[in-house]
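The values are calculated or read from the model by the stated rules, or taken from the named source; none is laboratory data. Keep in mind it's a predicted model, so treat the numbers as computed, not measured. Neighbour counts run over all protein chains shown; Cβ positions are idealised from the backbone, glycine included.
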Amino acid sequence: MLGKQMMELARLKRARLAALVVFFINGFGFANWIVRIPTVQEELGLSEGSLGLALLALAGGALATMVFTGGVVQKLGSRPVVGVAGTVFGLSLVLPALAQSLPALVVALLVAGAWHGALDVSMNAHAVAVERDYRRPIMSSFHAAFSLGGLAGAAGGGLLSAYGVGLAPHLGGVAVVSALALAVSSRALLPRARIAGAKRRGRPSCGRTARSRGSAS
């Protein structure tokens with residue numbers, strides 16, 4: 001019994017670490033795009049109004065998918081949604097660098113925003129499941145990981161921009177790294193059965209397992 005609890009604890013810790021990576025990479029990838037917005041504006045010769053229209057497409061795409069992603073997560077579980085949405089969002093980060101006109105940029109940001117919205121909903125749903133199995137508040141650690149990823153992405157992206165790294169190589173590299181990291185880390189997330197059954201079955205929390213181990217010794 002104790003061995004089974006320890007295996008469950010190890011699996012839960014792996015899932016938490018994987019979720020932290022997902023949150024970190026989400027913030028990292030998005031921040032790298034943000035710091036290159038002035039470059040995109042300059043290369044396409046966009047006015048402030050045109051740039052604002054393009055950025056509106058980013059938000060619109062996110063809102064469009066956020067509306068129904070919750071239902072998809074409820075039906076399929078959050079792990080596969082995080083895996084697919086995270087991988088495609090990572091790859092979509094290069095699209096703004098490939099745009100040669102305002103319409104193309106709008107489409108690129110609409111696509112990136114849509115997958116970013118799906119990732120946001122699914123990764124937060126998974127964080128809730130992990131927190132529920134931990135049976136103690138840990139949600140702030142996931143949001144801290146997202147913020148740290150944003151700081152790292154902004155610092156790294158700003159440095160690359162200052163050293164004259166081109167837009168396409170920069171965002172292309174970020175896209176590959178983000179997609180790979182999100183695809184790999186999502187495999188360690190909790191399977192659908194654990195998320196669906198967490199409310200119905202008692203799960204050993206980290207605190208309870210540690211106490212059980214101490215009493216057994």
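Looking at segment 75-100, which of its residues are of a type outside the set (Val, Ile, Thr), without any contact (Cβ under 8 Å) to a residue 60 or more places away in the chain and in contact with a helix residue (DSSP H, G or I) (Cβ under 9 Å, 6 or more places away or on another chain)? Write out each step before concluding.
Filtering segment 75-100 for residues of a type outside the set (Val, Ile, Thr) gives 75-80, 83, 85-86, 89-93, 95-100.
Checking which are without any contact (Cβ under 8 Å) to a residue 60 or more places away in the chain leaves us with 75, 85, 95, 99-100.
Once the filter is applied, which keeps residues that are of a type outside the set (Val, Ile, Thr), without any contact (Cβ under 8 Å) to a residue 60 or more places away in the chain and in contact with a helix residue (DSSP H, G or I) (Cβ under 9 Å, 6 or more places away or on another chain), segment 75-100 yields Ala85, Leu95, Ala99, Gln100.
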Leu76 is checked against (1) farther than 16 Å from Gly60 by Cα; (2) crowded, with 19+ Cβ neighbours inside 10 Å and fails just one. What number does that condition carry?
(2)
Could you list, in sequence order, the residues of segment 139-153 that are without any contact (Cβ under 8 Å) to a residue 60 or more places away in the chain and over 17 Å from Ser185 (Cβ atoms)?
Met139, Ser140
Looking only at segment 102-151, which residues are at pLDDT 95 or above and more than 16 Å from the chain's Cα centre (by Cα)?
Leu102, Pro103, Ala104, Leu105, Val106, Val107, Ala108, Leu109, Leu110
Within the set of pairs 6 or more residues apart or between chains, which connect a residue that is under 24 Å from Met7 (Cβ atoms) inside segment 109-138 to a residue that is among the aromatic types (Phe, Trp, Tyr) with Cβ atoms less than 7 Å apart?
Ala127/Phe142
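Regarding Ala188, is this residue touching a helix residue (DSSP H, G or I) at 6+ places or on another chain (Cβ under 7 Å) and in a loop (DSSP other than H, G, I, E, B)? Walk me through how you get there before you give the answer.
Numbers: touching a helix residue (DSSP H, G or I) at 6+ places or on another chain (Cβ under 7 Å): yes; in a loop (DSSP other than H, G, I, E, B): yes.
Yes; evaluated as a whole, the condition is true for this residue.
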Can you name the residue in segment 94-105 that is out of contact with any Ser or Thr (no Cβ under 9 Å at 6 or more places or on another chain) and either surrounded by fewer than 20 Cβ atoms within 10 Å (Cβ to Cβ) or of a type in the set (Asp, Glu) (or both) and, of all such residues, is farthest from Gly173 (Cα to Cα)?
Pro103
Would you be able to tell me the number of residues in segment 34-51 that are surrounded by 17 or more Cβ atoms within 10 Å (Cβ to Cβ) and outside any helix (DSSP H, G or I)?
2
Hey, Pro103 hits all of (1) touching a helix residue (DSSP H, G or I) at 6+ places or on another chain (Cβ under 6 Å); (2) farther than 19 Å from Ala31 by Cβ but one; which does it fall short on?
(1)
Looking at segment 152-199, which of the residues that are surrounded by fewer than 15 Cβ atoms within 10 Å (Cβ to Cβ) and under 15 Å from Ala15 (Cβ atoms) is modelled with the highest pLDDT?
Val184
